[in-house]
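The values are calculated or read from the model by the stated rules, or taken from the named source; none is laboratory data. Small disclaimer: the values here were computed from a predicted structure and weren't measured. Every residue, glycine as well, gets a Cβ built from its backbone with ideal geometry; the counts of neighbours run over all protein chains shown. Heavy atoms of the whole protein, side chains included, go into the accessibility calculation; ligands, DNA and RNA do not. Shrake-Rupley method; radii C 1.70, N 1.55, O 1.52, S 1.80 Å.
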Amino acid sequence: MNANLYSLFQARFGPDMAACCIETQDGLRYTWDDLERATAKIANLLASLKLQKDARIAVQVEKSPEALILYLATLRAGYVYLPLNSAYRAAEVAYFIDDAEPAVVVCSPQNFGWVSQAAFKSGSAHVFTLGDDRRGSLLARAAHHADTFDTAQRRPHDLAAILYTSGTTGRSKGAMLTHDNLASNAKVLHDYWQWQPGDVLLHALPLFHVHGLFAAAHGALLNGSKMILLPKFDSVEVLRHLSRATVFMGVPTHYVRLLAEPRFDRSACAHMRLFVSGSAPLLTDTFNEFAQRSGHTILERYGMSETTMLASNPYQGRRKGGTVGLPLPGVSLRVTKDDGMPCAVEEIGAIEVMGPNVFQGYWRMPERTADEFTQDGYFRTGDVGKFDSDGYLAIVGRSKDLIISGGYNVYPKEVESVIDAIDGVVESAVIGVPHPDFGEAVAAVIVADPSAGLSPSHVVAILKQQIASFKVPKQVFFVESLPRNTMGKVQKNLLRDQFRS
Ligand code: MLC
Ligand code: AMP
């Protein structure tokens, strides 16, 4: 049997191939037949390039139906999909391309100049463009190819995707996910969240992270369900389309923003079956207010790029605010003490996971991979949590120095190294501070040479040229020195207390 994830989806398309599978904000409709033919054309184009079996296809484009089609075509052709956040700047993209050595790079038409330079320098032989308005060389070239394609044979452990996650050392790591990792998780979630005939997914998440690309899109594809694909989250547009959807998945910021809409109420959600939240902690206040205003209890779940989804509140049964629910079927989750022994109920420890969803390791980083697994094969998530007496998991913190802002991960070390390279900066510490919209926001505390005359706006302007703007500190503070403990380590907890307001 072909373990290619695309075959799994393909088996669920239809029977009415003329039914709508993707609808855009502007009312453009794609049928299942359109999807099959469009993925075939791009798969044929990729196959004509005579790439190696494990060729990586790196993609940094704006969200559009064609971006999703490109992902599916890559699976179908049997290659490895490597999505990149569209906010990444030239130096960030150059790093990923250098590290992953993709055979093909697809970028937005307006970025062709600098992306192609990085791509050709690293040995990529093909750079195509794809705009969110169907412009660009990818579709122009694919148009010359046949609209049928025999989905490539893949085994369960063949790679399907590499998702880069930032690292505590500041160097991003590519998490390698197989067809089986993705298929097993998609099937479990399909059952666990009880996808039903007639479901319609309102899709407002980016397509370059596990939440939007896997948890959300895979569910709809596996259910043969229509997606209303919005180019980005916009609370007014989400409200406009809610009345025709049944399933919505978002990060906590999306729920905070929906609650800020005066028109968001029970009648706006009357058609909805399920609201899922994840990627960042959902505040209990948001959970409660949402239930009151909409009549729906948000179902919170927990995931990671390395593992896709690991735990979820139940569809039927109690959804407990402040928890991420129960381990998903087939997933073994444990909370351990420093000595590796299991924690008791309500005792806080490190969250570790094993299961068919867990990735194969970090791309070309065998030592880092080995460090992240226990001797008995559990992956160390870097999250800290506890089980309650009903077996529900609560995430109470992170052992990794990570900020999650509006669902995007920012590793302080990466931002600090860019700040430290600015002329006049002596040293810096980057911390997360509470933020009403993003949950956490990035803040920088800097020691600078007074003669350099640095200002917060100057620092921000320099950073914006070098790193994605969601990583750029929303606030910059100058101090005379950073607090350190006796080991010389910066005491970020003191800085967080000092600057939290
Ligand atoms: C945008 N900006 C952010 C930001 N998003 N700043 C901090 N944190 C964020 N998350 C900044 C931009 O850089 C820009 O800055 C300004 O805000 C406006 O940009 P925008 O594009 O108009 O923002 P907006 O559309 O409002 O985006 C906010 C958002 C978006 C919350 C809708 O960030 C979003 O969709 N987040 C979801 C992320 C996600 O999918 N995470 C899943 C990861 S997977 P300036 O200065 O240029 O104006 C994962 C595993 C799991 O974690 O379990 O799912
Ligand atoms: P990423 O590396 O982008 O995949 O982000 C994964 C991280 O997001 C996890 O390790 C958690 O720290 C965090 N995360 C995901 N879901 C939740 C959630 N429901 N509550 C709290 N944190 C979450």
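One residue is enough: does the stretch 483-500 have a residue meeting the conditions among the charged types (D, E, K, R), in a strand (DSSP E or B) and in contact with a strand residue (DSSP E or B) (Cβ under 8 Å, 6 or more places away or on another chain)? So that I can check it myself, show each step before the final result.
Taking the stretch 483-500 and keeping what is among the charged types (D, E, K, R), we get 484, 489, 492, 496-497, 500.
Retained after the next criterion (residues that are in a strand (DSSP E or B)): 484.
Retained after the next criterion (residues that are in contact with a strand residue (DSSP E or B) (Cβ under 8 Å, 6 or more places away or on another chain)): 484.
Yes; the residues of the stretch 483-500 include at least one that is among the charged types (D, E, K, R), in a strand (DSSP E or B) and in contact with a strand residue (DSSP E or B) (Cβ under 8 Å, 6 or more places away or on another chain).
The set of residues from the stretch 250-302 being farther than 23 Å from residue 185 by Cα, within 16 Å of ligand 2 (Cβ to nearest atom) and in contact with a strand residue (DSSP E or B) (Cβ under 7 Å, 6 or more places away or on another chain) comprises 253, 255.
Name the residue that is most open to solvent (accessible area, probe 1.4 Å), counting only residues in the stretch 434-451 that are outside any strand (DSSP E or B) and closer than 30 Å to residue 277 by Cβ. Steps first, answer last, please.
Residues of the stretch 434-451 outside any strand (DSSP E or B): 436-438, 449-451.
Going one step further and asking which of them are closer than 30 Å to residue 277 by Cβ, we end up with 436-438.
Numbers: 436: 114, 437: 37, 438: 56 Å².
Result: 436.
For the stretch 274-290, the criterion of being of a type outside the set (Ser, Thr, Tyr), open to solvent by 10 Å² or more (accessible area, probe 1.4 Å), farther than 21 Å from residue 320 by Cβ and modelled with pLDDT of 95 or more is met by no residue.
Against the condition away from ligand 2 (no atom under 16 Å from the Cβ) and surrounded by fewer than 16 Cβ atoms within 10 Å (Cβ to Cβ), how does residue 473 come out, does it pass? Taking the combined requirement at face value, the residue does not satisfy it. For the stretch 225-262, filtered to residues that are part of a loop (DSSP other than H, G, I, E, B) and either in contact with a helix residue (DSSP H, G or I) (Cβ under 6 Å, 6 or more places away or on another chain) or among the aliphatic types (A, V, I, L, M) (or both), the residue that is most open to solvent (accessible area, probe 1.4 Å) is 260. Screening the stretch 101-139 for residues that are free of Cβ contacts under 8 Å to residues at least 40 places away in the same chain and among the charged types (D, E, K, R) and picking the one that is nearest to residue 42 (Cα to Cα) gives 135. Scanning the stretch 194-224 for residues that are of a type in the set (Gly, Ala, Ser) and open to solvent by 10 Å² or more (accessible area, probe 1.4 Å) turns up 198, 224.
What residue, of 166, 124, 116, 137, is within 16 Å of ligand 1 (Cβ to nearest atom) and under 27 Å from the mean Cα position of the chain (by Cα)?
On the way: 124 fails: within 16 Å of ligand 1 (Cβ to nearest atom); 116 fails: within 16 Å of ligand 1 (Cβ to nearest atom); 137 fails: within 16 Å of ligand 1 (Cβ to nearest atom).
The conditions single out 166.
When the stretch 65-87 is examined, which residues are found to be more than 22 Å from residue 3 (Cα to Cα) and surrounded by 20 or more Cβ atoms within 10 Å (Cβ to Cβ)?
Filtering the stretch 65-87 for residues more than 22 Å from residue 3 (Cα to Cα) gives 65-67, 84-87.
Those that are more than 22 Å from residue 3 (Cα to Cα) and surrounded by 20 or more Cβ atoms within 10 Å (Cβ to Cβ): 65, 66, 67, 84, 86.
Residues checked against (1) touching a helix residue (DSSP H, G or I) at 6+ places or on another chain (Cβ under 6 Å); (2) within 27 Å of residue 47 (Cβ to Cβ):
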position	(1), (2)
141	yes, yes
153	no, yes
184	no, yes
187	no, no
190	yes, no
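Scanning the stretch 428-443 turns up one or more residues that are more than 16 Å from ligand 1 (Cβ to nearest atom) and more than 21 Å from the chain's Cα centre (by Cα). Of the candidates 93, 80, 106, the single residue that is modelled with pLDDT of 95 or more and touching a Lys or Arg at 6+ places or on another chain (Cβ under 8 Å) is 80.
Give the residue, chosen from 467, 431, that is open to solvent by less than 60 Å² (accessible area, probe 1.4 Å) and over 30 Å from residue 348 (Cβ atoms).
Values: 431 fails: over 30 Å from residue 348 (Cβ atoms).
Sole residue among the options that is open to solvent by less than 60 Å² (accessible area, probe 1.4 Å) and over 30 Å from residue 348 (Cβ atoms): 467.
Among residues of the stretch 369-412 being open to solvent by 50 Å² or more (accessible area, probe 1.4 Å) and under 16 Å from residue 278 (Cβ atoms), the one that is nearest to ligand 1 (Cβ to nearest atom) is 408. Taking strands (runs of 3 or more DSSP E) as the structural unit, those lying wholly within the stretch 315-417 and holding at least 2 residues that are under 25 Å from residue 288 (Cα atoms) correspond to 379-387, 393-398, 403-405.
Please verify whether residue 157 is open to solvent by 20 Å² or more (accessible area, probe 1.4 Å), in contact (Cβ under 8 Å) with a residue 40 or more places away in the chain and farther than 23 Å from residue 48 by Cα, treating the condition exactly as stated. Yes. Among what's in the stretch 287-331 and is among the basic types (Lys, Arg) and away from ligand 1 (no atom under 13 Å from the Cβ), pick the residue that is nearest to residue 394 (Cα to Cα). Per the stated criteria, the residue is 320.
For residue 460, are the conditions met, namely being more than 16 Å from ligand 2 (Cβ to nearest atom), assigned to a strand (DSSP E or B) and β-branched (Val, Ile, Thr)? Spell out how you get there, then give the answer.
Values: more than 16 Å from ligand 2 (Cβ to nearest atom): yes; assigned to a strand (DSSP E or B): no; β-branched (Val, Ile, Thr): yes.
No: the conditions fail for residue 460.
Taking residue 448 as the residue in question, decide whether it is modelled with pLDDT of 95 or more and closer than 17 Å to residue 401 by Cβ.
Values: modelled with pLDDT of 95 or more: yes; closer than 17 Å to residue 401 by Cβ: no.
No: the conditions fail for residue 448.
Among 158, 147, which is of a type in the set (Asp, Glu), more than 16 Å from ligand 2 (Cβ to nearest atom) and closer than 30 Å to residue 358 by Cα? Show your work before the answer.
Details: 147 fails: closer than 30 Å to residue 358 by Cα.
From the options 158, 147, the qualifying one is 158.
Scanning the stretch 1-29 for residues that are open to solvent by 30 Å² or more (accessible area, probe 1.4 Å), under 22 Å from residue 205 (Cβ atoms) and outside any loop (DSSP other than H, G, I, E, B) gives 8, 29. In the stretch 278-290, the residues that are more than 12 Å from residue 251 (Cβ to Cβ) form Cβ pairs under 7 Å with partners that are open to solvent by less than 10 Å² (accessible area, probe 1.4 Å), at six or more places apart or across chains, as follows: 287/298; 290/255; 290/298. Across the stretch 263-279, what is the number of residues that are part of a strand (DSSP E or B) and away from ligand 1 (no atom under 14 Å from the Cβ)? Counting residues in the stretch 263-279 that are part of a strand (DSSP E or B) and away from ligand 1 (no atom under 14 Å from the Cβ) gives 2.
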